[in-house]
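> After the C-alpha cells below, expect a handful of questions from me.
The values are calculated or read from the model by the stated rules, or taken from the named source; none is laboratory data. Predicted model only: the values in this text are computed from it and were never measured. Cβ: placed from backbone, ideal geometry, glycine included. Neighbour counts: every protein chain shown.
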Amino acid sequence: MESTGKNDISSLLARIAMGDEAAFSHFFDLYRPNIYTTVLRITKDEWLSEEILQDTFVKTWISREALTGIENIENWLYKIARNVTYTAMKRSFREKQNFNQMTKASISLFYPETDYLERDEQFHSLLETAISRLPRKQQETFRLIKQSGLKREQVAAKLEVSAETVKWNLDQAMRSVRAYCTAHVKDLPLIFVLHFFSKYF
C-alpha cells in the first residue's frame, strides 16, 4: 500500500462517511492490493478472492457513516475481509458437498451401486494414469495436496521450494490432469463425469 499520512486517511474517511464516491474509489485503490493478497493466500482461488474483495468493500461502503470512529482502519478492513473469507469458504465447501450428494443421488436413481463402484474405479484408474504422466515435481505436489491433504506451506517445506513454486506446480498439474481425464472419459455418462470431477478435483 502506498504511503499515506494519518491525517490524509482521516480526511479520506470523513469524505467517505459523507457519501463521497470519488473518495471511496481512492480508498479502494489504496487498500485493495494488500487485502486481495491476504485473502488469496487463504483461499488459493483468484476468482473467489476477487468476490471476497468486492464483498468486503461493499460492506465497508454500507458502514461508511461509522468509519470516522474507527481508530485503525486497516485492521478493521482485515477483520471484515477475514469474516467474509471464512463465510465464503464455508459456503463454497457446502456447495461442493451438496453437488456431490446431488449427483450421487441422481446416479443411484438410474444405476445400480455395483455400476457406480465399477465406474468410480475406472475413473480413479484414469486419474492415476493422468497423474503418472506429470513431471516429477508436479506429480509430487498434486499427490501431497490433493491426495494427502497437505497445505501448500507444508508442501513447500517438505519439497524445499517456495510457496509460489508449489502454486505453479499445482496449477500446471491440475490443468494437465483435467485435460487428460476430459479427453478419456467419453465412454462415461455425463452424470458420472460431473460427479467424479467434483469428487476428485
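> For the stretch 68-84, does any single residue satisfy the condition of being part of a helix (DSSP H, G or I), closer than 21 Å to Ala17 by Cβ and of a type in the set (S, T, N, Q)?
Yes, some residue in the stretch 68-84 is part of a helix (DSSP H, G or I), closer than 21 Å to Ala17 by Cβ and of a type in the set (S, T, N, Q).
> Further, regarding this structure: Quick one: what pairs do we get from the stretch 76-94, first residue surrounded by 12 or more Cβ atoms within 10 Å (Cβ to Cβ), second outside any helix (DSSP H, G or I), C-beta under 7 Å, 6+ apart or different chains?
Close Cβ pairs satisfying both conditions: Trp76/Ile70.
> Another one. Spot the failing condition for Phe99; the list is (1) under 26 Å from the mean Cα position of the chain (by Cα); (2) without any contact (Cβ under 8 Å) to a residue 24 or more places away in the chain; (3) over 19 Å from Cys181 (Cα atoms), and only one is missed.
(2)
> Thr141: under 26 Å from the mean Cα position of the chain (by Cα), outside the structural domain of Lys167 (by TED's automatic domain parsing) and not charged (D, E, K, R), yes or no?
So Thr141 does not fit the description; no.
> Still on this structure, I have one more. Would a scan of the stretch 137-152 turn up a residue that is hydroxyl-bearing (Ser, Thr, Tyr) and either within 15 Å of Phe123 (Cβ to Cβ) or buried (at least 17 other Cβ atoms within 10 Å of the Cβ) (or both)?
Among the residues of the stretch 137-152, at least one is hydroxyl-bearing (Ser, Thr, Tyr) and either within 15 Å of Phe123 (Cβ to Cβ) or buried (at least 17 other Cβ atoms within 10 Å of the Cβ) (or both), which makes the answer yes.
> Please verify whether the stretch 145-165 includes one or more residues that are more than 27 Å from Met102 (Cα to Cα), part of a loop (DSSP other than H, G, I, E, B) and of a type in the set (Ser, Thr, Tyr).
The answer is yes, given that some residue of the stretch 145-165 is more than 27 Å from Met102 (Cα to Cα), part of a loop (DSSP other than H, G, I, E, B) and of a type in the set (Ser, Thr, Tyr).
> If you don't mind, another one. Quick one: what pairs do we get from the stretch 177-201, first residue closer than 12 Å to Tyr116 by Cα, second assigned to a loop (DSSP other than H, G, I, E, B), C-beta under 9 Å, 6+ apart or different chains?
Pro189/Tyr111; Ile191/Tyr111; Phe192/Tyr111; Phe192/Val185; Val193/Val185; Phe196/Val185; Phe196/Leu188
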